[in-house]
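Data first, discussion second: the structure below is written as structure tokens.
The values are calculated or read from the model by the stated rules, or taken from the named source; none is laboratory data. Treat the numbers as computed from the prediction; the structure is a model and nothing was measured. When we count neighbours, we look across all protein chains shown, and the Cβ atoms used for this are built from the backbone with ideal geometry, even at glycine.
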């Protein structure tokens with residue numbers, strides 16, 4: 001276990017926790033925004049647990065997941081747009097609570113939390129199946145095409161998991177306005193996948209044949 005990697009992961013975890021907390025509770029101007037606490041719990045508790053597991057069992061994968069420096073110009077734009085989308089969604093959620101614009105009933109947030117956690121389980125399974133996963137678009141040394149498990153059903157199960165994760169955020173936060181903003185994730189990942197598949201086809205042997213075998217990217221029979 002690398003001490004440097006441990007503290008790097010810990011620093012990013014707490015930085016993310018503080019940032020999201022500020023984006024939610026400052027606009028809400030209240031610590032009584034219970035949807036915000038629910039969201040922080042279901043987001044960061046599993047994230048902390050997953051980080052500990054990766055640190056112990058696969059520190060190299062954790063290192064890849066911490067790397068967010070994109071080299072592709074298109075992907076840098078995608079990352080920037082995603083960041084703006086999340087900021088807008090979180091701030092709107094806090095303001096929605098503060099001013100009572102459109103308040104969803106508590107049971108809706110609970111349903112959203114169940115969907116969020118189910119997507120987290122799928123996310124963890126994708127990490128287990130694919131040791132080459134990175135947060136940046138790249139072809140790694142000795143990388144091979146993964147075509148079993150979820151990858152035998154859709155080509156991008158990670159994006160399928162994050163699609164459910166992100167769209168359920170607005171529901172958990174009790175904010176239809178945030179949900180509407182998070183819908184922009186659909187065209188964002190469409191652009192990201194298009195660029196990613198070009199990189200993989202150019203640099204990863206067998207990926208073109210894999211695309212022919214597995215027709216759908218994110219949702220079977222739909223997308």
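Structural remarks
- The set of residues from region 81-105 being under 18 Å from residue 34 (Cβ atoms), touching a residue at least 24 places away in the same chain (Cβ under 8 Å) and surrounded by fewer than 16 Cβ atoms within 10 Å (Cβ to Cβ) comprises 98, 101, 102, 103.
- Among the residues making up region 3-39, those that are surrounded by 16 or more Cβ atoms within 10 Å (Cβ to Cβ) and closer than 17 Å to residue 100 by Cβ are 24, 25, 27, 28, 33, 35, 36.
- The residues of region 46-60 that are closer than 23 Å to residue 109 by Cα and touching a residue at least 24 places away in the same chain (Cβ under 8 Å), listed by number, are 46, 47, 48.
- Filtered residues of region 199-220 (kept if out of contact with any helix residue (DSSP H, G or I) (no Cβ under 7 Å at 6 or more places or on another chain) and modelled with pLDDT under 90): 199, 202, 203, 204, 205, 206
- In region 135-142 there is no residue matching the filter, namely being in a helix (DSSP H, G or I), surrounded by fewer than 18 Cβ atoms within 10 Å (Cβ to Cβ) and modelled with pLDDT under 95.
- Pairs where the first residue, in region 22-45, is outside any helix (DSSP H, G or I) and the second is surrounded by 13 or more Cβ atoms within 10 Å (Cβ to Cβ) and at pLDDT 95 or above, C-beta under 6 Å, 6+ apart: 29/98; 33/97
- Single condition residue 124 does not satisfy, out of (1) at pLDDT below 90; (2) under 19 Å from residue 81 (Cα atoms); (3) within 14 Å of the chain's Cα centre (by Cα); (4) assigned to a helix (DSSP H, G or I): (2)
- Scanning region 34-76 for residues that are at pLDDT 80 or above, more than 24 Å from residue 114 (Cα to Cα) and touching a helix residue (DSSP H, G or I) at 6+ places or on another chain (Cβ under 9 Å) yields a count of 2.
- The residues of region 146-156 that are surrounded by 18 or more Cβ atoms within 10 Å (Cβ to Cβ) and either over 28 Å from residue 200 (Cβ atoms) or without any contact (Cβ under 8 Å) to a residue 40 or more places away in the chain (or both), listed by number, are 146, 150.
- Residue within region 183-191 that is loosely packed, with under 12 Cβ neighbours inside 10 Å and under 20 Å from the mean Cα position of the chain (by Cα) present: yes
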